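What follows is a set of notes on a single structure, which appears directly below.
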Amino acid sequence: MSKVLTSRSENYSEWYNDLILKGGLADYSAVRGCMVIKPRGFALWENMRDTLDKMFKDTGHQNAYFPIFIPKSFLSKEAAHVEGFAKECAVVTHYRLMNDPNGGGVIVDPEAKLEEELIVRPTSETIIWNTYKTWVQSYRDLPLLINQWANVVRWEMRTRLFLRTTEFLWQEGHTAHATADEAIFETRQMLDIYAKFAEEWMAMPVIRGVKTANERFAGAVDTYTIEAMMQDGKALQAGTSHFLGQNFAKAFDVTFSDKNNQLDFVWATSWGVSTRLIGALVMAHSDDKGLVMPPKLAPVQVVIVPIYKGPDSIEKIDGRIREIAGKLRGAGIRVKVDNDDTSRPGWKFAEYELQGVPVRMALGLRDIDNNVAEVARRDSGEKASFSLEGIENTIGDLLVDIQKSMFTKAAKFREENTRKIDDWETFMTSLEATPGFILAHWDGTPETEEKIKELSKATIRCIPLDNEQEEGKCILTGNPSKQRVLFARAY
RNA sequence: AGGGAAGUGGCGCAGUCCGGUAGCGCACCUGGUUUGGGACCAGGGGGUCGCAGGUUCGAACCCUGUCUUCCCUACCA
């Protein structure tokens, strides 16, 4: 057997790329920095999307859609916002091609220059707030709770499948409120929804926290984040929720009359998660055999592989398998039956492990005679013989257990790789030797944060919410500090 | 943008130093035997060697130019 995957310990980046490509989630595309999401990867995204979408709607949000193009002038209305995105925007300057008069292919028609260039949205705050201006007049129009599922483009220098691509899919929520308190509540509520999704659906423990000024979203007053630990000990920002204050309302002149007929600017939030979640899922759980999907999101939860012994057994086995698959589906389980006769069982076993299917059932004549199936769980690799009597309940319970075990395992890994450190030397050696999360004191100044980043490549991932207050001395400067913050190297 | 490497069937590569008309593994197609951990045998199809010039009787190989991609540094969901 030739080696299929690079091992985690050998080369973490290559391992990750192999998982995506060979696990069939995505491919590189003809366009630099962009990727093709393949059906298997997209099915995973759809499961994520549908789950999140329901959570958004359960909290009163509605979906809408805004244009992909943003007039250049919109971007200059909020100073910090431009600053943050200007360097990575794709710009549309022309609207027509023509045949090259000098022969050859087509060229941009110089006559067809746009009067005002259009930016391909890197995020939609500006075009949305320009619209909200016309939607909001009175406190009766508030709150405005809108989400959009869309693609955005950020012209990054270096890309990485799912984690950082030039174009990516995401959802972005944009809300408007009458009071700051209400907007802050919304910001926190959406952060909690993201955390719940990460932990209960992705089986990925996250730390909720607030970003420091340096790491804040361009144009936000406060940026909240969920940070997850990947298996190489690095941090990944998995979702953000921003309290935007009145910044965008002021930039786009969005005002409303309150009950006392007083005019005020609205208070805003925005929040988003992207296809990066797929990258997070892959890096958080997979092993050297391939992907490991949490049952709640896995496009296929159970694969049934028949084991034939000569052509006469096929009919007998297939009949029994259809029956079992029917029972499982009846119990709401997503089942695939692989009775493709062109590949052998051993190949299928390896393939579904690569794809991360949580449960595999193998069924041969031997099993049918004993009224059992061989059941293997992907997360631990354990195999056992299960009675076919009430198999739908047994498998249902098993899926629940796998979901739970995956979370427990990831949480344990995070705990083992999170340390409290109080001196600079240990901080540096620890980052090199055993990457992970470090809880350390910081004097609260952007300068110190910047200096630490420069020296160690570690950034403050967040100031955890409900953080324990504790007197201490800054890891770098020795200045007084009131609490520990979360440091890590990050993706 | 600065430094490093690579472009050869669908994928991964060898061949380049030393020029002689393209090969290996996987995948694919046909037939057969198989099927409880990535099967085996036999036969078969597919590449103007990134592109453009040049040197030469002759270029994947030498020379010049050019384009592209990947890796390492700064930004980011």
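Throughout, read-outs are computed from the coordinates displayed, never taken from laboratory work. No experiment lies behind these values; they were computed from the predicted model shown. Every residue, glycine as well, gets a Cβ built from its backbone with ideal geometry; the counts of neighbours run over all protein chains shown.
Of note:
- Computed lengthening from A:Ala433 to A:Glu382, 0.36 nm per intervening residue step minus Cα-Cα distance: 15.1 nm
- Calculated mean residue ellipticity at 222 nm for chain A: -10500 deg cm²/dmol, from DSSP H runs with n ≥ 4 weighted as -39500 (n - 2.57), summed, divided by the residue count and rounded to 500.
- Legend: ranking of residues A:Asp232, A:Asp340, A:Asp379 from fewest to most surrounding C-beta atoms inside 10 Å; resulting order A:Asp340, A:Asp232, A:Asp379.
- Cα gyration tensor category, rounded, prolate or oblate, for region A:30-150 with a/c compared to 1.5: oblate
- Region A:1-140: relative contact order as a whole-number percent, Cα under 8 Å and 6+ apart: 17
- Dipole of chain A [Lys/Arg +1, Asp/Glu -1 at C-beta], most positive-end residue of A:Pro435, A:Ile463, A:Ala362: A:Ala362
- Helix A:345-355 vs. chain A, principal-axis angle (Cα, 0 to 90°, nearest 10): 10
- Residue-span extension gain [A:Gln137 to A:Thr445] - 0.36 nm each, minus C-alpha spacing: 106.9 nm
- Ordered by the number of other Cβ atoms lying within 10 Å of each residue's own Cβ, fewest first, A:Glu14, A:Glu468 fall into the sequence A:Glu468, A:Glu14.
- Helix A:424-433 axis, angle to chain A major axis (alpha carbon atoms, nearest 10°): 40
- Cα gyration tensor shape of region A:1-90, rounded if a/c is under 1.5, else prolate or oblate by comparing a/b with b/c: oblate
- Normalising the average separation of contacting C-alpha pairs (under 8 angstrom, six or more residues apart) by the number of residues puts the relative contact order of chain A at 13 percent.
- Point-to-point label distance, A:Tyr28-A:Val400, nm (Cα→Cβ direction, 7 Å offset): 4.6
- For chain A, the square roots of the Cα gyration tensor eigenvalues, ordered a ≥ b ≥ c, give a/c of at least 1.5 with a/b greater than b/c, which places it in the prolate category.
- Relative contact order of region A:325-448: 16 percent, from C-alpha pairs under 8 Å at least 6 residues apart in sequence.
- Put in order of Cβ neighbour count within 10 Å, fewest first, the listed residues A:Glu156, A:Glu167, A:Glu315 become A:Glu315, A:Glu156, A:Glu167.
- Folded to 0 to 90 degrees: helix A:311-330 orientation relative to chain A principal axis, Cα: 40
- Per-residue ³J(HN,Hα) for region A:278-292, Karplus 6.51 cos²θ - 1.76 cosθ + 1.60, θ = phi - 60°, Hz, x for Gly and Pro: 5, x, 4, 4, 4, 6, 6, 10, 5, 10, 6, 9, x, 5, 10
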